[in-house]
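Colleague: Let me give you the structure first, and then I'll get to my questions.
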Amino acid sequence: MTVQELADKGIFSLASEGGEMDRQIQAVFCCDLLSIAMGRAPAGCAWVTVMANMNTLAVASLADAACVVMAEGAKLDEAALNKAKLQGICVMETEEPVFEAALKIHDYMKNSSAVRQDI
């Protein structure tokens with residue numbers, strides 16, 4: 001599933017469209033401790049977090065995340081959103097808890113790959 005396909009599902013609101021909306025999401029990663037996310041977030045992941053600050057964007061860039069999903073109503077401030085747009089980082093938002101948001105992404109990825117295998 002691509003970042004654009006996830007955005008098109010309409011389950012999350014799009015706060016910042018990234019530069020690579022056609023990028024494949026390889027995994028889902030949940031973590032709110034930035035130092036752990038920096039070292040363990042897999043490249044191409046959809047990173048679900050509540051850490052809404054500028055450092056989250058730096059970690060997303062370093063970890064090469066496909067997108068960041070701000071869960072539980074967390075929102076980046078205007079300066080951070082502008083930085084996300086400048087750096088081409090796709091940021092989505094949801095009121096869903098971290099686990100529920102990640103589970104939805106996982107289910108969509110699973111269903112998406114099942115369809116592709118049947119083709």
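The values are calculated or read from the model by the stated rules, or taken from the named source; none is laboratory data. Source: prediction; values computed, not measured. Cβ placement follows ideal geometry from the backbone for every residue including glycine, while neighbour counts extend to all protein chains displayed. These accessible areas exclude ligands, DNA and RNA; they are computed on the full protein's heavy atoms, side chains included. Shrake-Rupley method; radii C 1.70, N 1.55, O 1.52, S 1.80 Å.
Colleague: Given the conditions (1) over 24 Å from Asp107 (Cα atoms); (2) open to solvent by 70 Å² or more (accessible area, probe 1.4 Å), and given that Arg40 satisfies all but one, which numbered condition is not satisfied?
Modeller: All conditions pass for Arg40, except number (1).
Colleague: I need a count of the residues in the stretch 21-35 that are of a type outside the set (S, T, N, Q), open to solvent by 60 Å² or more (accessible area, probe 1.4 Å) and more than 12 Å from the chain's Cα centre (by Cα). Walk me through it before giving the result.
Modeller: So the first thing to find is which residues in the stretch 21-35 are of a type outside the set (S, T, N, Q), and the list is 21-23, 25, 27-34.
Going one step further and asking which of them are open to solvent by 60 Å² or more (accessible area, probe 1.4 Å), we end up with 22, 30, 32-33.
Then keep just the ones that are more than 12 Å from the chain's Cα centre (by Cα); that gives 22, 32-33.
Counting residues in the stretch 21-35 that are of a type outside the set (S, T, N, Q), open to solvent by 60 Å² or more (accessible area, probe 1.4 Å) and more than 12 Å from the chain's Cα centre (by Cα) gives 3.
Colleague: Let me ask another. Do you know which of the residues in the stretch 9-37 that are of a type in the set (Gly, Ala, Ser) and in contact with a strand residue (DSSP E or B) (Cβ under 8 Å, 6 or more places away or on another chain) is modelled with the lowest pLDDT?
Modeller: Looking at the filtered set, the residue picked out is Gly18.
Colleague: Sticking with this structure for a sec: Of everything in the stretch 3-43, what is hydroxyl-bearing (Ser, Thr, Tyr) and within 19 Å of Gln87 (Cβ to Cβ)? Give them in sequence order. Even if it seems obvious, please write down each step before you answer.
Modeller: Pass one, the stretch 3-43, residues hydroxyl-bearing (Ser, Thr, Tyr): 13, 16, 35.
Result: Ser16, single match.
Colleague: Got a number for residues in the stretch 87-116 being without any contact (Cβ under 8 Å) to a residue 12 or more places away in the chain and open to solvent by less than 50 Å² (accessible area, probe 1.4 Å)?
Modeller: The number of residues fulfilling the criteria is 1.
Colleague: Quick one: in the stretch 65-86, of everything that is without any contact (Cβ under 8 Å) to a residue 60 or more places away in the chain and open to solvent by 70 Å² or more (accessible area, probe 1.4 Å), which residue is nearest to Thr49 (Cα to Cα)? Step through it out loud before you land on a result.
Modeller: First pass over the stretch 65-86, keeping only residues without any contact (Cβ under 8 Å) to a residue 60 or more places away in the chain: 65, 68-74, 77-80, 82-83, 86.
Imposing the further condition that a residue be open to solvent by 70 Å² or more (accessible area, probe 1.4 Å) reduces the set to 72, 77-78, 82-83, 86.
Details: Glu72: 9, Asp77: 15, Glu78: 18, Asn82: 19, Lys83: 18, Leu86: 20 Å.
This residue is Glu72.
Colleague: Write out, first by first residue and then by second, each pair whose Cβ atoms fall under 7 Å of each other, whose residues are 6+ apart or on separate chains, and whose first residue, in the stretch 1-14, is closer than 18 Å to Gln26 by Cβ while the second is assigned to a strand (DSSP E or B) and open to solvent by 60 Å² or more (accessible area, probe 1.4 Å).
Modeller: Taking only residues 6 or more apart or on different chains, the pairs are Thr2/Gln24; Ala7/Leu14.
Colleague: Within the set of pairs 6 or more residues apart or between chains, which connect a residue that is within 12 Å of Leu62 (Cα to Cα) inside the stretch 24-47 to a residue that is among the hydrophobic types (A, V, I, L, M, F, W, C) and open to solvent by 70 Å² or more (accessible area, probe 1.4 Å) with Cβ atoms less than 6 Å apart?
Modeller: Met38/Leu62
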